[in-house]
Structures are given as structure tokens and as C-alpha cells.
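Scroll down for the structure; my scribbles are underneath it.
The values are calculated or read from the model by the stated rules, or taken from the named source; none is laboratory data. Computed from a predicted structure; not experimentally measured. Here the Cβ positions follow ideal geometry from the backbone for every residue, glycine too, while neighbour counts run over all protein chains shown. These area figures cover heavy atoms from the full protein model, side chains too; ligands, DNA and RNA do not enter into them. Shrake-Rupley method; radii C 1.70, N 1.55, O 1.52, S 1.80 Å.
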Amino acid sequence: MPKLSYLKALNRALGDEMARDASVCVLGEDVRVAVSNVTAGLVKRFGPERVLDTPISEQAFTSFATGAALVGLRPLVEFQIPSLLFLAFEQIANQAHKVSLMSGGRARVPVTYLLPGSGSREAWAGQHSDHPYGLFAHVGVKTVVPATPSDAYGLLLSALRDDDPVVVFAPAGALGVREDVDPAALGPVPLGRGRVHRAGTDVTVVAVGHLVHEALAVAEELAGRVSVEVFDPRTLHPLDRAGLAASLRRTGRLVVLDDSNRSCGFAAEVLATAAEGPRLRAAPRRVTRPDGAVLPFAPALDRACQPGRTGLLAAIGEVTGVSVSVNAGVNASMGMIVIEEGGRT
């Protein structure tokens, strides 16, 4: 089967849906030249009327998309940098999201907001490395974080077809992923349905976005000693609580690998959901960015603030009681990596 890259999956999904539905259009900064490669070739296929370059004003074009949706279009808005969502948060959370609720469903706002390259990229520093998916899940906006090319294709299709606003985070750490796919088998992936990437019996690792691949690597590394089930929620809101509960019934233990800040983050919601459900055999753990983290420019410090394989190994060891070797000491309960050198921390 041919390989499909994550970026190409997004581009293909958008092109396929624009060909299927003439109401789908694209707007954002430099979308005609496809600065992110997601919109490559679309202006040639569909014309400048449906692929609109906008001025550098996120608040303006986000509001414009709301108006366009209210009169029958289905816009996709591309944001080049995740922190720009903070500028448009009012337009999304307080306007587009609430229109259908405050109108009793008489008005719909089918807008998709796409973040290609969210999270940390090398040396992009504090104002370009945010991963604020938890904010949108918290206020009730449909929030999607695909991990694989096939899920990126299918979830973007579903987002474009949904009658409510949907924010799609395409993590920078996943953009280079390639997957063997049958193009004929590609199709919509329902929102609100998680995916078990690897079955297991000892511990459930809930991993978000690109961290699914870290979880799978750790599961393979521990095979034979710890049976790790890797659960990918795919949609953070609505969350597949039934799928999560089923996984926890199989394993009885939980670790969450989440690329957002610890306090009030998505991992905290997963732990709370688990506490309200099946009884766990051990206290759950979360591996996240530190509290209030702002990722530094220095690459080594950037990586030290990010959740990953080292913290996950330590957390799995804590909940299972199995001794696992890691390359650095880890305080997994705080989501922070602590390097020990020469007996000093």
C-alpha cells in the first residue's frame, strides 16, 4: 500500500471535501501560496473565490468566518501559529460556539479551525509553542487532535461536515508521520470516538496527538514485562468516556501522556473521569508539561519541559510496581524531568 504523510492527509481531506461540497472554502494568511503545505494546489483547483488570503488580523477573519457560516458556507480557517488562537478565543468560544445554543438550534456555525504545526517546534520559543487544546475542550468547543495520517484525514472530514465549530490541532510532532494506507479505505472518522492503538492488560496509557507514537514506542520497549494498552482519545471534546472506561476495566491502571500544562490540563480531566468510574488498582499518574510552562528558546530546555518517553517509563513503573530503567531521574507526578548527575539533582 502507498504511504500517506500526515500533512498530505490534511491536504487530501480538504481537497476531497471541497470537491464534494461547493460550500467549503478556505481562508487565512498566505493560504494561496500554501505556507503550511496544507492548502497546496487548492487555489489552482478551486479558484481564488474559495481560497481566500486574508489580512493579518485573526480577530477579523475569524469573525468573518462566523458570518460566512451563518449564511450557508462551511469555512476552514487556518492559523499559522497556535498562540494566535488566544487573539481569536472570544470570536470562537463566545460567539461562534454559542450561536446555535442561544438560538435553540435555529442557527448553525459550521466552521473548522485548523492548527497545522501546533505545540513545540525547534527553537520557536514561548510565544509560538503553545498547545492550547484544553482551553477549547473546557468551554465545550469540539476539539480534535489526530495522531496518524488516516485519522487526520478522517477527523478533518468529519470536522468540515459538522454543523458546529470544530478546532483541529495538528501537532508539530506528528506532521512527519507516514502511514501505509489504502486510499479507497479512507473516510470520515466520527467525532467522540477514541481508538485503541495497542491492546494491553496491565496499564492504560492515554496519549494525545503525537505522544501516541511515544506511547507505542514505550509499549514495545516494555513488551514481555508490562502489557501496555495505548488509548488515543482523538477527540478531546466530546471525550469517549465509554471507551476510556472499557480500557480501564481491562487494565485497572492509568497513565496519561498529555502535551499541555499540568494544572487544569486535559490529563486532569482524564484522571477525574477515571476516579468517577471503575476502581483502579493503583493511583493514576499524569506526565505533562510543568505547571504554567512557557517553553524556552533553548532547545535543551524546551525538550526538558515537554512530556515524553522518559517520564512515561517512570510513571508506568510507579503504577505497575515493575522496575523500569530510564535515562534520567523523573518526577512523573509533577510532570517534570529531573536530570541527576554525579549524585546531585
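I'd like to verify a number: residues in region 314-327 that are surrounded by 21 or more Cβ atoms within 10 Å (Cβ to Cβ) and either under 24 Å from the mean Cα position of the chain (by Cα) or within 17 Å of Asp258 (Cβ to Cβ) (or both), how many?
Final tally of qualifying residues: 4.
Please tell me if Val51 is β-branched (Val, Ile, Thr), farther than 22 Å from Gly154 by Cβ and surrounded by fewer than 18 Cβ atoms within 10 Å (Cβ to Cβ).
It is false that Val51 is β-branched (Val, Ile, Thr), farther than 22 Å from Gly154 by Cβ and surrounded by fewer than 18 Cβ atoms within 10 Å (Cβ to Cβ).
Return a yes/no flag: does region 205-214 have any residue that is open to solvent by 10 Å² or more (accessible area, probe 1.4 Å), farther than 18 Å from Ala170 by Cβ and not β-branched (Val, Ile, Thr).
no
Being within 20 Å of the chain's Cα centre (by Cα) and under 29 Å from His138 (Cβ atoms) narrows it down to one residue among Gly119, Gly67; which is it?
On the way: Gly67 fails: within 20 Å of the chain's Cα centre (by Cα).
Gly119 is the lone residue from the list that is within 20 Å of the chain's Cα centre (by Cα) and under 29 Å from His138 (Cβ atoms).
For every residue, the table says whether it meets (1) of a type in the set (Phe, Trp, Tyr); (2) surrounded by 14 or more Cβ atoms within 10 Å (Cβ to Cβ); (3) at pLDDT below 95; (4) under 17 Å from Ala159 (Cβ atoms).
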| position | (1), (2), (3), (4) |
| --- | --- |
| Gly15 | no, yes, no, yes |
| Met18 | no, yes, no, yes |
| Ser23 | no, yes, no, yes |
| Gly28 | no, yes, yes, yes |
| Val35 | no, yes, yes, no |
| Arg45 | no, no, no, no |
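Looking only at residues in region 54-73 that are of a type in the set (S, T, N, Q) and more than 14 Å from Glu29 (Cα to Cα), which one is most open to solvent (accessible area, probe 1.4 Å)? Talk me through it step by step, then tell me what you get.
Taking region 54-73 first, the residues of a type in the set (S, T, N, Q) are 54, 57, 59, 62-63, 66.
Narrowing further to those that are more than 14 Å from Glu29 (Cα to Cα): 63, 66.
Values: Ser63: 55, Thr66: 16 Å².
Residue satisfying both the conditions and the ranking: Ser63.
Look at region 240-259 and say how many of its residues are open to solvent by 10 Å² or more (accessible area, probe 1.4 Å) and closer than 30 Å to Asp302 by Cα. Talk me through it step by step, then tell me what you get.
Going through region 240-259, the residues open to solvent by 10 Å² or more (accessible area, probe 1.4 Å) turn out to be 240-243, 245-246, 249-250, 253.
Restricting the remaining residues to those that are closer than 30 Å to Asp302 by Cα gives 253.
Total meeting the criteria: 1.
Scan region 178-195 and give yes if some residue there is among the charged types (D, E, K, R), modelled with pLDDT of 95 or more, surrounded by fewer than 19 Cβ atoms within 10 Å (Cβ to Cβ) and under 29 Å from Ala22 (Cβ atoms), otherwise no.
Yes - at least one qualifying residue is present in region 178-195.
Which of the residues spanning region 63-73 are of a type in the set (A, V, I, L, M, F, W, C), touching a residue at least 40 places away in the same chain (Cβ under 8 Å) and not in a helix (DSSP H, G or I)? Explain how you work it out, then say what you get.
Step one: filter region 63-73 for residues of a type in the set (A, V, I, L, M, F, W, C), giving 64-65, 68-71, 73.
In the following step, the residues that additionally are touching a residue at least 40 places away in the same chain (Cβ under 8 Å) were identified as 65, 68-69, 73.
The one that is of a type in the set (A, V, I, L, M, F, W, C), touching a residue at least 40 places away in the same chain (Cβ under 8 Å) and not in a helix (DSSP H, G or I): Leu73.
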